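The structure appears below as structure tokens.
Each value in this text was obtained by applying a stated rule to the coordinates, not by laboratory testing. From a predicted model like this one, the values you see are computed outputs, not experimental measurements. Here the Cβ positions follow ideal geometry from the backbone for every residue, glycine too, while neighbour counts run over all protein chains shown.
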Amino acid sequence: MHITYDISDFAEHHYQDKAPVRKSARPWAMIHEEAVAKAVLLCHGYTGYPGELIRPGTDLFAAGFDVYCPRYPGHGTSGNDFLASRAEDWIGTAYDAFAYLAQRYEHVSVVGHSMGGAIATIIADAFDADTLALLAPALVIPSLPVMQVRLLRHVIRRKKVDWQPDPDYRFYYEGDADDDAFLGSEYWSYQYTKQLWELERVRRQAVACIDHLAADTLSVSGGLDATIPQEASILVTGKKRGMNKHLHIEEAGHLMPYDKNMDAQNAAMAAVVAWLEGER
């Protein structure tokens, strides 16, 4: 795998984490030895990390793109760092990454998963990017109790929930053997009331961008996704500007970049690559 972790720190102007970054959560890039004109910015999800997007990165690199995946502040380190970070830090890191790429490449596309899909929408609109691909974008989140979160976020910062590792998931990242267990204990074992409000702030900003979003947009939804309904993809691909396509994969779940169903995973990744290559 042609990957480097020696890339610019796009988060340098935002919240600075206190805990070390887990190996699987390091920001990474896949860069061709000979210069290419086109690059892709990958945006990971809420409580996620760059290692989750190795699969789309690998496929896009093989298709001739240089690929960059930054890590948002508060992600991949500790729960305390997560609580200290804000929506501005997450969006700002992606914004700074796109600005960096725009100075170095003729063409920059954006791909985002879940909350990363919402952030990718914001970034594509801000920079008037011409190509955008979204995987289960967090533009509609039925399970998010917005009013409750808004009222309780300063009172109940987080509460314990049950989380167990799932051995059926296949990860593509280079990490330590205990990365999944550690990150699970810090992030997925809690409901972060305060941070759910930050997620809602990201979602609202992204939805506000849709009417004037000009990018050609692909949005992929999964029939087994219990987190983000296909209405999110219908919403963004219903915009009037640009070429827009909604692909619904009935067998896909929420975690498409490493879906348990390899046929669904392969279909989602192939659709993203084809869209960025210009298939309409």
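In nm, give the distance between the simple-model label positions of A35 and R150, each being 7 Å from the Cα along the Cα-to-Cβ direction.
Going by the 7 Å Cα→Cβ label model, 5.0 nm.
Evaluate the Debye formula for region 18-85 with equal point scatterers sitting on the alpha carbons, no solvent, and hand back log10 of I(q)/I(0) at q = 0.17, 0.28 Å⁻¹, in q order, two decimals.
Cα-only, vacuum Debye calculation for region 18-85: -0.60, -1.15.
Give me the distance in nm between label points sitting 7 Å out from Cα along the Cα-to-Cβ direction at K160 and Y5, one decimal.
3.2 nm
Determine, at each q value in 0.21 (inverse angstroms), the log₁₀ of I(q)/I(0) that the Debye formula gives when each Cα of region 58-146 is one equal point scatterer.
With one equal scatterer per Cα and no solvent, log10 I(q)/I(0) is -1.12.
Could you line up S221, S233 from fewest to most neighbouring Cβ atoms inside 10 Å? Can you show the working numbers first?
Numbers: S221 26, S233 29.
Listed from fewest to most nearby Cβ atoms, that is S221, S233.
When the gyration tensor of region 77-221 is built from Cα positions, what are the square roots of 5 times its three eigenvalues, in whole Å, from largest to smallest? Mind dumping the intermediate values first?
Details: eigenvalues 153, 81, 43 Å².
In descending order the semi-axes read 28, 20, 15 Å.
If I model a spin label at E88 and E250 as a point 7 Å from the Cα along the Cα→Cβ vector, what separation in nanometres do I get?
According to this spin-label approximation, the distance is 4.7 nm.
Could you put W90, W275, W163 in order, starting from the residue whose Cβ has the fewest other Cβ atoms within 10 Å?
Working: W90 31, W275 24, W163 12.
Lowest count first: W163, W275, W90.
Using helices alone, what [θ] at 222 nm do you get for the chain, with -39,500 (n - 2.57) per DSSP H run of 4 or more residues, divided over all residues and rounded to the nearest 500?
Mean residue ellipticity, 222 nm, calculated: -10500 deg cm²/dmol.
Can you report the principal axis dimensions of region 1-126 using only the alpha carbons, biggest first, rounded to whole angstrom?
Computed over region 1-126, the largest-to-smallest principal extents equal 40, 31, 24 Å.
So who's got an amide H within less than 5 Å of the one on M243, skipping anything under 5 residues away but keeping other chains? H placed 1.01 Å off N, in plane.
Residues meeting the criterion, in which the H sits 1.01 Å from N, are D216, T217.
Using the Karplus curve 6.51 cos²θ - 1.76 cosθ + 1.60 with θ = phi - 60°, what ³J(HN,Hα) values do you get for each residue of region 179-192, in whole Hz, with x for Gly and Pro?
With coefficients 6.51, -1.76 and 1.60, one gets 4, 4, 5, 5, 5, x, 5, 8, 10, 7, 8, 9, 9, 8 Hz.
Looking at region 220-272, what % of the alpha carbon pairs are farther apart than 16 Å? Please report the intermediate quantities before stating the final value.
Working: 528 of 1378 pairs.
Distances greater than 16 Å cover 38 percent of the Cα pairs.
If you take the square roots of the eigenvalues of the alpha-carbon gyration tensor of region 179-280 and sort them as a ≥ b ≥ c, do you get rounded (a/c under 1.5), prolate (a/b over b/c) or oblate?
Details: a/c = 2.27, a/b = 1.26, b/c = 1.81.
Taking the square roots of the gyration eigenvalues as a ≥ b ≥ c, region 179-280 is oblate.
Which of [x] 56, 51, 30; [y] 60, 59, 23; [z] 47, 39, 38 is the computed Cα extents along the principal axes in Å for the structure on display?
[z]
Could you list which residues have their amide H under 5 Å from that of Y190, counting only those 5 or more apart in sequence or on another chain, with H placed in the peptide plane?
Close amide H contacts, sequence-distant or interchain: V161.
Under a GNM of the chain (C-alpha, springs under 10 Å), which listed residue has the highest mean-square fluctuation: A124, A29, A208?
A208
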